[in-house]
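The values are calculated or read from the model by the stated rules, or taken from the named source; none is laboratory data. Owing to the predicted nature of the structure, the values given are computational and were not obtained by experimental measurement. Here the Cβ is made from the backbone with ideal geometry for all residues, glycine too, and neighbour counts use every protein chain on show. The area values use the complete protein model at the heavy-atom level, side chains included, leaving out ligands, DNA and RNA. Shrake-Rupley method; radii C 1.70, N 1.55, O 1.52, S 1.80 Å.
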Amino acid sequence: MPARQEPGWRTIAPRVLASTVGAYGLCYAWICAAVRLLPMDAVDANILATCLAFILFVAVILRAFAVRSVTRIWSELLVGTALPFALMLGVAR
């Protein structure tokens, strides 16, 4: 039975970047969109959106290491970050 190889840093580094930098960007985009879209005072909307972003941040971290393909996690992060910006552009018009 052949020995199992441990994953190298080249397979782990993109996942670590996705789970830190990518998750931060995604959460920040959704916080910005929620503050502008929620029908409440800006301070209350900011607190609510930030609390929900902590849950999203943990979910993205778990997803970054659960998905088989690194390309898939980065494409999900790009689409997930572009969606709130599209919502904000639609509301601004």
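At 1.4 Å probe size, with the rest of the protein present, what percent of the exposed accessible area of the chain is carbon and sulfur atoms? Please report the intermediate quantities before stating the final value.
Working: 4860 of 6890 Å².
Within the chain, the accessible surface is 71 percent carbon and sulfur.
Rolling a 1.4 angstrom probe over the protein heavy atoms, how many square angstrom per residue are accessible across the chain?
On a per-residue basis, the chain sits at 74 Å².
Taking Cα atoms, how many degrees apart are the long axis of helix 70-92 and the longest axis of the chain, rounded to 10 and kept between 0 and 90?
10
Kindly write out, for segment 45-59 in residue order, the coupling ³J(HN,Hα) from the Karplus curve 6.51 cos²θ - 1.76 cosθ + 1.60 (θ = phi - 60°), rounded to whole Hz, with x marking Gly and Pro.
Result, rounded to whole Hz: 5, 5, 5, 4, 5, 5, 5, 5, 5, 4, 5, 4, 4, 5, 5.
Using a Förster radius of 30 Å, what is the FRET efficiency between V16 and L83 based on their Cβ-Cβ separation? Nearest 0.05, please. List each step's numbers first, then the result.
Numbers: r = 24 Å, r/R0 = 0.79.
For V16 and L83, the calculated efficiency is 0.80.
With unit charges on the beta carbon (Lys/Arg positive, Asp/Glu negative), name the residue among L78, A13, A45 whose Cα is farthest towards the positive pole of the charge dipole of the chain.
Result: A13, furthest along the dipole toward the positive end.
Determine the equivalent ellipsoid of the chain by diagonalising the alpha-carbon gyration tensor, then write out the semi-axes as square roots of 5 times the eigenvalues, largest first, rounded to whole Å.
Details: eigenvalues 224, 37, 13 Å².
After diagonalising the Cα gyration tensor, the semi-axes are 33, 14, 8 Å.
Once you have the Cα-Cα distance between T50 and V67, take 0.36 nm times their residue separation minus that, and quote the gain in nm to one decimal.
Numbers: separation 17, 0.36 × 17 = 6.12 nm, distance 2.54 nm.
Result: 3.6 nm gained on full extension.
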